[in-house]
Every structure is written in C-alpha cells, then in structure tokens.
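Accompanying notes for the structure given below.
All of the numbers you see were taken from the coordinates with simple rules; none came from a lab. What you see is a predicted model, and the numbers here were worked out from it, not measured in a lab. So basically every Cβ, Gly included, is an ideal-geometry build from the backbone, and we count neighbours across all protein chains shown.
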Amino acid sequence: MDIINDPKEIQELTSRLKCSGKIISLVPTMGYFHAGHLSLMKWARENSDIVFVSLFVNPTQFGPKEDYNSYPRDFERDTKMAQEVGVDYIFAPEKDVIYEPDHGTWVSVPKLAQYLCGKSRPGHFQGVCTIVLKLFNLVNPHLAIFGKKDYQQFVIIKKMVKDLNVPVKIIGRPIVREIDGLAMSSRNSYLTQDERKQAANIYLGLKKACEWTKNGVRDSETIISKLSECYMEHIPSGEIDYIEIVDPTDLTPVKTIDKEAILAVAIYLGKARLIDNILLEVK
Ligand code: AMP
C-alpha cells in the first residue's frame, strides 16, 4: 500500500491507471477507522481493481463551534487497518494544499441540505460537497463508496453527481453497528462509559419505531412523539436535535407513511452528536 500526499501525483497516477483499463474505486473518509469504514473498503476491494482511500479531516464541513480540532486522529493505526483489508493507496493531503489561501469555489445542493442535519449544521453539506467533488476530480474514480449511516450525505452526493454530470457511480452501503446496535462512528470515542450505555438505545428506539409502523401506525407525528418519549426516558443525558421521517429520495418530510420512508435521528450526548437512521417499510 502506498501513501500519497501530493494532489498532482494522485491525478497523474489515476489517469495512467485509467488508461490501462483498471477499474478505480474511492472511499472518502476522515480517518480514525472502525468496522464501518472497513466494510466500504472491503466492498471496494471486491468490486474494483485499484482501491483508493482518502483520509482528510475536512475543515470546511465543521462549524466554528464544532469539533474540528478535537476530531480523533490516528494515522498509523489507520494505515495498518487499511493495508489489512487490501487498500492500494491512501491519499492523505495537507489541508493547506487542498485549500489554497485564495480558494473561492463552493458546491452546494441547497434544496436537500435544508433538511435534517443541514438545519443544525449550516454550511456542513457545502463543505462536504466541495471536498468530495475535489476528491473526485483528483482521483477520477469509476466508483465511490459511501455509508448510509450518513444518509443525507449519500443522497446529496448522488444529486451533485447527477446535476453536474460527474462521471462516477455512487455506491451506498449499509450501516455497520456495534454488538448492542450503536452505529459505529469515530465520534463514539467521545462518549463516557455511562453515555456509551445510553447510546445503544438510539438504535433500539429506531427498531421499535419500525415495529410500530409494521403494526399499522402510519402517522409520522405519532411515531416521532412516541420515539421522543422513549429517548427521553432511556437516554436521560441526551438532547434530541431532531427526529424526522422523510422521503428516501428527496428528503422531504413525510406526514403519512404509505410507502418506504427514512426515520432519521440526531442526538447530542456528552461531547458527541450521534446520528442514525432506519428504513420504515409498509407491508
Ligand atoms: P467519516 O470518516 O465519518 O467521514 O466516514 C467515511 C465514510 O464511512 C462515510 O461514507 C460514512 O457514511 C461511512 N461510515 C461511517 N460510519 C459508518 C458505519 N457505521 N457504517 C457504514 N458506513 C459508515
């Protein structure tokens, strides 16, 4: 496995590889790997010839009061883990090389960014879209793999690629969870032991909501208020940012669940802001 820091070098390398007919995949990450990240890399390994993983804590997707400085980082551990799952190249650029002092172009998908996390994290998805498009232009992959844990991000990236005719196929992969159901996240490392125990109830609540839907509850407001009560009881240290039921494609709020919908939640717990989601199905 090779580590590349220089954007020009990566661009030259990938255009050579593409000319030789290799199928290239890219897994964009901010590092501090866990089994969720590794599942994306393994999928890429099995479905392409050359696997690139970008490792870049992107400053422009963090708000001024968010955790950019304290975001967990462990480059050595990450490179070992990536090597073990067969990654070919890690692209780990410096922030000042990616964003030169005169950087002045931004990509946004405002219609989709107005919902869910976009409300409490203004500018977040503009930062995400800008870095992801830059990475696509640098690596020029055939496939890019994203986790559905960040469901809104997945939908926004797909839309950006479609609207701007970016020649890459976006793959969405399932959420990988801890044994007790908590969605894996680099930010879980912020939790104290007690918070970590409470955090498992995020997914337990989502599963209950799935059951309510299957048992005939179709009114989103009813599900949201039942789930909110459940979280207040079982996650007493948490503060709900949002619980919403939205259309899986355009993220618009769903009032009555008469077809598949996404139930998405964000909860502040200690130093972490945790997100999760589940597909509600109507049988
Ligand atoms: P991050 O490093 O948090 O920016 O995440 C990099 C990629 O890994 C994104 O596409 C995430 O959606 C994905 N990811 C993060 N956590 C999980 C998880 N628990 N299961 C599946 N994919 C994940």
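Compared with the alpha-carbon gap, the fully stretched path from C210 to W106 is longer by 33.7 nm at 0.36 nm per residue.
When the Cα positions of V217, G63, V265 are compared along the charge dipole of the chain, V217 comes out farthest toward the positive end, with charges on each C-beta of Lys, Arg, Asp and Glu. Normalising by residue count, the range 151-283 has a Cα convex hull of 120 Å³ per residue.
Annotation: aspartates and glutamates with alpha-carbon distance below 16 angstrom to K22 (same-chain offsets under eight excluded): E12, E46, D49, D88.
About the Cα centre of the range 142-210, how large is the charge dipole given +1 on each Lys and Arg Cβ and -1 on each Asp and Glu Cβ? Please answer in debye to the nearest 20.
Working: 13 positive and 6 negative charges, 59 e Å.
Dipole about the Cα centre, nearest 20: 280 debye.
Under the rule of -39500 (n - 2.57) per DSSP H run of 4 or more residues, summed and divided by the residues of the chain, what mean residue ellipticity at 222 nm is obtained, to the nearest 500 deg cm²/dmol? After summing the helix terms and dividing by the residues of the chain, the value is -12500 deg cm²/dmol. Across the range 2-173, the volume of the C-alpha convex hull divided among the residues equals 114 Å³ per residue. The label point for S225 and the one for Q193, both projected 7 Å from the Cα toward the Cβ, are 3.9 nm apart.
3J(HN,Hα) couplings calculated from phi for the range 79-96 with the Karplus curve 6.51 cos²θ - 1.76 cosθ + 1.60 (θ = phi - 60°) are, in sequence order, 5, 4, 5, 5, 4, 5, 9, x, 5, 8, 9, 9, 9, 10, x, 7, 5, 6 Hz; Gly and Pro show x.
Here each label is just a point 7 Å from Cα along the line to Cβ, and for R73 and H234 those points are 3.7 nm apart.
Stretched out straight at 0.36 nm per residue, the stretch from Q83 to V97 would grow longer than its current Cα-Cα span by 2.6 nm. Against the main long axis of the alpha-carbon atoms of the chain, helix 151-163 sits at an angle near 50°.
The calculated pair-distance distribution of the range 88-209 uses every alpha carbon pair, bins of 5 angstrom beginning at 0, and gives 2, 9, 16, 18, 19, 16, 10, 7, 3, 0 percent. The phi torsions of the range 275-281, fed into the Karplus equation with coefficients 6.51, -1.76 and 1.60 and a -60° offset, translate into couplings of 10, 7, 7, 8, 8, 8, 10 Hz, rounded to whole numbers, with Gly and Pro shown as x. For the range 202-215, 3J(HN,Hα) computed residue by residue from phi via the Karplus equation (6.51, -1.76, 1.60; θ = phi - 60°) reads 4, 6, 4, x, 4, 5, 4, 4, 4, 5, 4, 5, 4, 7 Hz, glycine and proline entered as x.
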